[in-house]
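The values are calculated or read from the model by the stated rules, or taken from the named source; none is laboratory data. In this text the structure is predicted, and so the values were computed from the model without any measurement. Here Cβ is always computed from backbone atoms with ideal geometry, including for glycine, and neighbour counts include all displayed protein chains.
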Amino acid sequence: MSVSDPAAIRSMFGRIAGRYDLANRLLSLGRDQAWRRRLVAAVGRGAPREILDLATGSGDVAFALSRRDPAARILGVDFCPPMLVEAERKQALAPGSYGRVRFAAGDGLALPLGDAAFDAVTISFGLRNMADRRRSLGEIRRVLRPGGRLFVLEFSQPSRWFRPCYFFYLEKLLPAVAGLVTGDRAAYVYLNRTIREFPDRGALAAEIRAAGFSDVTASGMTFGIVALHEARK
């Protein structure tokens, strides 16, 4: 499977949608929640009113943004229908708690949204799965208002001293555990490969600048395995 095959990626996420959240908690040893809190805190500093959560998956980031600022209007967009079903199922379990969160199907390479519609765009562990990152970043810039902010939470390349342990975990342990949890070992072999091949913080920051963003910053977390990039249109 390749990132350049969107239909295969959509099918893969559809197969693991029901166990996606559980797998994230187990495979990150619970760190995914801390990474998400860091993202939400960064977004909240600007008090945006209209937020797009791109590649929203099962909606965890969209819900966390809503909990921090119930007045914000949040649209979660994903190109995998089973993931959106999971997001809407969670929303239905807490009626009234996420009244300003909506979900819609959409492709990150051709967003069905108007120009300059959002104050902030978040994308968590989704840019890595875009068939064309440059095109996706261009779409994000298009839907942001002037001065709007982009927040990219994504896997990165770990500190050099940590790499042997980390890559052993990615290659040997993660697919086996994920296969038991989700029943789809192949999906996590693919995800493992995309993590290894993804740019480090500096290279991704350069891609974001090349897409027309300014004030680009990057901060690493958990020995550098994850990074939060922020930028302004």
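Listed here are the residues, each with its yes/no results for (1) farther than 19 Å from Gly14 by Cα; (2) hydrophobic (A, V, I, L, M, F, W, C); (3) touching a strand residue (DSSP E or B) at 6+ places or on another chain (Cβ under 7 Å).
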residue: Ile74; (1), (2), (3): yes, yes, yes
residue: Pro81; (1), (2), (3): no, no, yes
residue: Val85; (1), (2), (3): no, yes, no
residue: Gly138; (1), (2), (3): yes, no, no
residue: Arg149; (1), (2), (3): yes, no, yes
residue: Pro158; (1), (2), (3): yes, no, no
residue: Phe162; (1), (2), (3): yes, yes, no
residue: Gly179; (1), (2), (3): no, no, no
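Residues checked against (1) closer than 21 Å to Val85 by Cβ; (2) in contact with a Leu (Cβ under 8 Å, 6 or more places away or on another chain); (3) of a type in the set (D, E, K, R):
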residue: Ala116; (1), (2), (3): no, yes, no
residue: Ile123; (1), (2), (3): yes, yes, no
residue: Arg142; (1), (2), (3): no, yes, yes
residue: Leu150; (1), (2), (3): no, yes, no
Item to check | Considering residues of region 36-83 that are among the basic types (Lys, Arg) and more than 15 Å from Leu153 (Cα to Cα) only, the residue surrounded by the most Cβ atoms within 10 Å (Cβ to Cβ) | outcome: Arg73
Checklist outcome for this item: Output for Cβ contacts, cut-off 8 Å, separation at least six or different chains, first residue in contact (Cβ under 8 Å) with a residue 24 or more places away in the chain and under 13 Å from Leu191 (Cα atoms) in region 166-177, second among the β-branched types (Val, Ile, Thr) and part of a helix (DSSP H, G or I), reads Leu170/Ile195
Next on the checklist: Residues to consider are Arg145, Arg134; find the one that is more than 21 Å from Ala72 (Cβ to Cβ) and modelled with pLDDT of 95 or more.
Outcome noted: Arg134
Next on the checklist: Residues to consider are Gly183, Gly212; find the one that is closer than 26 Å to Leu26 by Cα and in contact with a Lys or Arg (Cβ under 8 Å, 6 or more places away or on another chain).
Outcome noted: Gly183
Checklist entry - Which ones in region 163-220 are under 30 Å from Gly147 (Cα atoms), surrounded by fewer than 16 Cβ atoms within 10 Å (Cβ to Cβ) and of a type outside the set (S, T, N, Q)? => result Asp200, Gly202, Ala203, Ala206, Arg209, Ala210, Gly212, Asp215
Checklist outcome for this item: Every listed condition ((1) over 21 Å from Ile74 (Cβ atoms); (2) surrounded by fewer than 21 Cβ atoms within 10 Å (Cβ to Cβ)) holds for Ala94 save (1)
Next on the checklist: Given the criteria at pLDDT below 95 and surrounded by fewer than 17 Cβ atoms within 10 Å (Cβ to Cβ), does Gly30 qualify?
Outcome noted: yes
Checklist entry - What pairs can you find where one residue is in region 33-58 and of a type outside the set (Gly, Ala, Ser), the other is surrounded by 24 or more Cβ atoms within 10 Å (Cβ to Cβ) and assigned to a loop (DSSP other than H, G, I, E, B), and their Cβ atoms are less than 8 Å apart, with a gap of 6+ or different chains? => result Asp53/Gly59; Leu54/Gly108
Checklist entry - Does at least one position in region 143-153 carry a residue that is farther than 16 Å from Pro48 by Cβ and either without any contact (Cβ under 8 Å) to a residue 24 or more places away in the chain or of a type outside the set (A, V, I, L, M) (or both)? => result no
Item to check | When residues of region 179-233 are limited to those that are of a type in the set (A, V, I, L, M) and in a strand (DSSP E or B), the one farthest from the chain's Cα centre (by Cα) | outcome: Val216
Next on the checklist: Checking the conditions here, which among Ala23, Ala62 is touching a Gly at 6+ places or on another chain (Cβ under 7 Å) and among the small types (Gly, Ala, Ser)?
Outcome noted: Ala62
